[in-house]
1. Nearest 500 deg cm²/dmol is fine: what mean residue ellipticity at 222 nm does the chain get from its DSSP H runs of n ≥ 4 alone, each adding -39,500 (n - 2.57), divided by its residue count?
2. At 1.567 mPa s and 4 °C, plugging the Kirkwood radius over alpha-carbon pairs of segment 23-131 into Stokes-Einstein gives what diffusion coefficient in µm²/s?
3. Roll a 1.4 angstrom probe over the protein heavy atoms and tell me the percent of accessible area of segment 42-116 that is carbon or sulfur.
4. Given labels modelled 7 Å from the Cα in the Cβ direction, how far is it in nm from Lys28 to Leu126?
5. Ranked from highest to lowest mean number of other Cβ atoms within 10 Å per residue, what is the order of the peptides 55-65, 139-149?
6. Identify, among Val72, Met167, Ala97, the residue whose Cα sits farthest towards the positive end of the charge dipole of the chain, taking +1 on the Cβ of Lys and Arg and -1 on the Cβ of Asp and Glu, with the dipole about the Cα centre.
7. Treating only the Cβ atoms of Lys and Arg (+1) and Asp and Glu (-1) as charged, compute the dipole magnitude of the chain about its Cα centre; round to the nearest 20 debye.
8. Tell me, what ³J(HN,Hα) does each residue in segment 133-150 have, in order and in whole Hz, if you take phi through Karplus 6.51 cos²θ - 1.76 cosθ + 1.60 with θ = phi - 60° and put x for Gly and Pro?
Amino acid sequence: CSVRAEENPAEAMAKTTLALLTKAPGAKPLGEREIQAIQEGHLSYLRTLLDERKALLEGPIHGKSAIRSVIVLDVPTVEEARAILEKDPWVSSGQLAAEIHPWWSAKGLLRKPAASGRSTLCYLGLLLRPADAPTYPKEKLEEIQAGHMANIQAMADSHDLAIAGPMGDDT
């Protein structure tokens, strides 16, 4: 997922949408049958999205995170992503809500998964700007960004990083 400084970033990057599915406010407790039915519909819907190449990457989040699932959609706008996700059984049932962001990543890295159906465990890290983040002059911000990009490149070179990219909104 490396992007060298001499490359044109607009040509090296692809715009997609990143959806973070979280428990919806006011979600009601469900019985086992309801959960199973919704989950079966959800998995079927995801397979369709992957087959149609509307979804490039998807998977559940394990552990105690507020985020339950992540989906990368190959659509250019938040509105298109929202329309797709509103049809997902977990979202349409009111159990999960979708937080959607434009997301840039290296072109060509996200491809249709192999037909084997095997899952790969990976870790997702989201870098969030704290509300009390200090302000810096432009020169210091450029220095910080250069260090950040050098770290991303080092992780990519060591194969510790599969993909990275900035959100397209200021979140």
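1. The helix-only estimate for the chain comes to -10000 deg cm²/dmol at 222 nm.
2. Estimated via Stokes-Einstein, D reaches 84 µm²/s.
3. 55 percent
4. Output for this residue pair reads 2.8 nm.
5. Packing proxy ranking, top to bottom: 55-65, 139-149.
6. Selected residue: Ala97.
7. 500 debye
8. Each residue of segment 133-150 in turn: 4, x, 9, 10, x, 3, 4, 5, 4, 5, 5, 4, 4, 4, x, 4, 5, 5 Hz.
The values are calculated or read from the model by the stated rules, or taken from the named source; none is laboratory data. No experiment lies behind these values; they were computed from the predicted model shown. As a convention, Cβ positions derive from the backbone with ideal geometry for all residues, glycine included, and neighbour counts pool all protein chains shown. Areas reflect the complete protein model, heavy atoms only, side chains present, ligands, DNA and RNA absent. Shrake-Rupley method; radii C 1.70, N 1.55, O 1.52, S 1.80 Å.
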